[in-house]
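Each remark here refers to the structure printed beneath this line.
The values are calculated or read from the model by the stated rules, or taken from the named source; none is laboratory data. This one's a predicted model, so the numbers in the text were calculated from it and none came from an experiment. Note that we place each Cβ from the backbone using ideal geometry, even for glycine, and neighbour counts take in every protein chain shown. Just the protein is used for accessible areas: all its heavy atoms, side chains included, with ligands, DNA and RNA removed. Shrake-Rupley method; radii C 1.70, N 1.55, O 1.52, S 1.80 Å.
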Amino acid sequence: KAGVTQTPRYLIKTRGQQVTLSCSPISGHRSVSWYQQTPGQGLQFLFEYFSETQRNKGNFPGRFSGRQFSNSRSEMNVSTLELGDSALYLCASRSSGYEQYFGPGTRLTVT
Amino acid sequence: KNQVEQSPQSLIILEGKNCTLQCNYTVSPFSNLRWYKQDTGRGPVSLTIMTFSENTKSNGRYTATLDADTKQSSLHITASQLSDSASYICVVSLNTGGFKTIFGAGTRLFVKA
């Protein structure tokens, strides 16, 4: 079974721009969660989607948004990028249990 | 407040030696505790998952313990290898009907030859 895939793997953007990241979960997994990871901060929860509905949301500004499609693929969008948005963005999928499977991440650099 | 604290923040050991990483949590109601290994620039990979009734779980050279009374967990690595150099993250899930997880900040392990 293929693992969680994320595209692109690396991205460089300029302040003020917007960016869209993509995540394809493991086949059959309907839940996708997104996390931001910065040095020294650990993983910070962004949001979780299940069957195209956002079920949980972390404490991030409205510039961070996401969606999930009927095939469970998910996208995350960040508008009006700031330097502090530079991070590794991880998505994780799961089926009905608590075990999460993480993708390799997208490294976003904002200059 | 639901929190997961890990110690030490970082650790350097010689190849072949054993080490133990600690995780203390103040999460309630508790559902399960997981340990992940994360190589630099990669996504975390699950090592073990333990529920309330389990107090030991092994995965090769990795052995996790859980004391639900004291709300402490440890990850013991036996006969360390250079490839064990990574961050180890403790994650606790709440039993709230939804899926809520609290992540520790991780312990950065360096294994030297």
Relative contact order as a percentage, region A:1-94, C-alpha pairs under 8 Å and 6+ apart, gives 36 percent
Filtered hits (aspartates and glutamates, Cα-Cα < 20 Å from B:Lys1, offset >= 8 within chain) -> B:Asp67, B:Asp69
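Count the net charge of all other residues whose Cβ sits under 10 Å from the Cβ of B:Gly41, scoring Lys and Arg as +1 and Asp and Glu as -1.
Values: positive: A:Arg9, A:Arg107, B:Arg42; negative: B:Asp39.
So the surrounding residues net to +2.
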Nearest-0.05 FRET efficiency for A:Gln54 and B:Leu82 at R0 = 41 Å, using Cβ-Cβ distance, is 0.50
With all protein chains present, the protein assembly as shown has a carbon and sulfur share of its accessible area (1.4 Å probe) in percent of 48 percent
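List the trypsin sites (Lys or Arg not before Pro) within region B:35-108 that DSSP assigns to loop and that have no more than 13 neighbouring Cβ atoms inside 10 Å. Let's see the in-between values first.
On the way: sites: B:Lys37, B:Arg42, B:Lys57, B:Arg61, B:Lys71, B:Lys100, B:Arg108; in loops: B:Arg42, B:Arg61, B:Lys71.
Loop-located and lightly packed - B:Arg61.
Pairs of alpha-carbon atoms within less than 8 angstrom and 6+ residues apart define the contacts here; what relative contact order does region B:1-60 have, in percent? Please list the in-between numbers first.
Details: 64 pairs, mean separation 15.5, N = 60.
RCO, region B:1-60: 26 percent.
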Contact-by-burial set, region A:78-100, min loss 40 Å², accessible area of protein heavy atoms with 1.4 Å probe, reference chain alone, gives A:Tyr98, A:Glu99, A:Gln100
Comparing each residue of region B:43-64 in the complete protein assembly with the chain by itself (heavy atoms, probe 1.4 Å, ligands and nucleic acids ignored), those losing at least 50 Å² of accessible area are B:Pro44
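Please give me, ordered by residue number, the chymotrypsin sites (Phe, Trp or Tyr not before Pro) of region A:22-111 that lie in loop per DSSP and have at most 13 other Cβ atoms within 10 Å. List each step's numbers first, then the result.
Working: sites: A:Trp34, A:Tyr35, A:Phe45, A:Phe47, A:Tyr49, A:Phe50, A:Phe64, A:Phe69, A:Tyr89, A:Tyr98, A:Tyr101, A:Phe102; in loops: A:Phe69, A:Tyr98.
For chymotrypsin sites (Phe, Trp or Tyr not before Pro) across region A:22-111 that sit outside H, G, I, E and B with at most 13 neighbouring Cβ atoms in 10 Å, the list reads A:Phe69.
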